[in-house]
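Okay, structure first, notes after.
The values are calculated or read from the model by the stated rules, or taken from the named source; none is laboratory data. Note that the structure is a prediction, hence the values are computed from the model and not measured. Reconstructed Cβ throughout: ideal geometry from the backbone, glycine too, with neighbour counts over all protein chains shown.
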Amino acid sequence: MRKLDAIIFDFDGTLADVPLDFDFMKTKIAALGEVFMDERPVPDGTPALEWLERLAAEVMERDRAEGMEFLSRGRLVIAAMELDAARDGCLFEFTRPMLDELAGLGVAAGVITRNISAAVRRVFPDIDEHLKVFIPREDTNRLKPDPDHLLRALARIGVSPDRALMVGDHPMDVQTGKNAGTLSAGVTTGRIDADGFAPLSPDFVATDAGALVSELRRAGLI
């Protein structure tokens, strides 16, 4: 493996503990959807953002204005829940020291997240002092696992995918790295244990991002 020039992190569950209940989020979207649809939609395994867009598209087929209103109100529900969760969120203790360590080693650090900027900044108000790039939901039309989210971040800091690592607490983050052609790492500080990452065969699995950086340093990759 070549030395890394950049490490891009997910945020919730990777750099911070943010108690966002995605199941409840989809329940609220379902309740809102009942107002616009013939019956209450039943949540499935689709992530909340994509599920909302799919439901809104169904409504738009019948009435575009109502579909757009549903989409707008649904996005407000999601944003409000993100902000509420951020009030109770906190950075992991290792986050700032780890990011400072990477800066000292000349490794660019960044964050890509499906969350809105305001929620992330509520937890990490000095984020810009510690990162080279930060791309929240509102700054891209193509969210991870679409590789464009990660590739856009790497382009901003001038790093090629083969010199970068994507790190996150969810298989989606590992898949994003694979989709973009970077190395990938899973961390078990979220809801997924090491076995949960196994089907995707990430390049690394660690107990947390701080431990991962230590492992990379010992291996001479940073």
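Values as computed for the structure displayed
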read-out: Hits in the range 176-211 (condition: surrounded by fewer than 23 Cβ atoms within 10 Å (Cβ to Cβ) and in a helix (DSSP H, G or I)); value: Lys178, Asn179, Ala194, Asp195, Gly196, Ala198, Pro199, Leu200, Gly210, Ala211
read-out: Within the range 37-71, tally of residues that are closer than 26 Å to Pro19 by Cβ and either touching a strand residue (DSSP E or B) at 6+ places or on another chain (Cβ under 7 Å) or of a type in the set (Gly, Ala, Ser) (or both); value: 2
read-out: Those residues of the range 38-94 which are under 25 Å from the mean Cα position of the chain (by Cα), part of a loop (DSSP other than H, G, I, E, B) and either farther than 27 Å from Phe11 by Cα or among the β-branched types (Val, Ile, Thr) (or both), in sequence order; value: Val42, Thr46
read-out: Which numbered condition Phe22 misses (of (1) touching a Phe, Trp or Tyr at 6+ places or on another chain (Cβ under 9 Å); (2) within 24 Å of Asp146 (Cβ to Cβ); (3) not charged (D, E, K, R)); value: (1)
read-out: Among (1) over 24 Å from Cys90 (Cα atoms); (2) free of Cβ contacts under 8 Å to residues at least 24 places away in the same chain - the single one Asp146 does not satisfy; value: (2)
read-out: Matching residues, the range 72-91, being in contact with an Asp or Glu (Cβ under 7 Å, 6 or more places away or on another chain) and either of a type in the set (Ser, Thr, Tyr) or crowded, with 17+ Cβ neighbours inside 10 Å (or both); value: Gly89
read-out: Residue in the range 3-22 that is surrounded by 13 or more Cβ atoms within 10 Å (Cβ to Cβ), part of a helix (DSSP H, G or I) and touching a residue at least 24 places away in the same chain (Cβ under 8 Å) present; value: yes
read-out: Out of Val120, Val111, sole residue that is among the β-branched types (Val, Ile, Thr), outside any helix (DSSP H, G or I), surrounded by 19 or more Cβ atoms within 10 Å (Cβ to Cβ) and in the same structural domain as Phe11 (by TED's automatic domain parsing); value: Val111
read-out: Residue identified as surrounded by fewer than 20 Cβ atoms within 10 Å (Cβ to Cβ) and within 18 Å of Val187 (Cβ to Cβ) among Glu101, Glu138; value: Glu101
read-out: Ala80 among the aliphatic types (A, V, I, L, M) and either at pLDDT below 95 or out of contact with any helix residue (DSSP H, G or I) (no Cβ under 6 Å at 6 or more places or on another chain) (or both); value: yes
read-out: Boolean, Asp162 is buried (at least 20 other Cβ atoms within 10 Å of the Cβ), in a helix (DSSP H, G or I) and touching a residue at least 60 places away in the same chain (Cβ under 8 Å); value: no
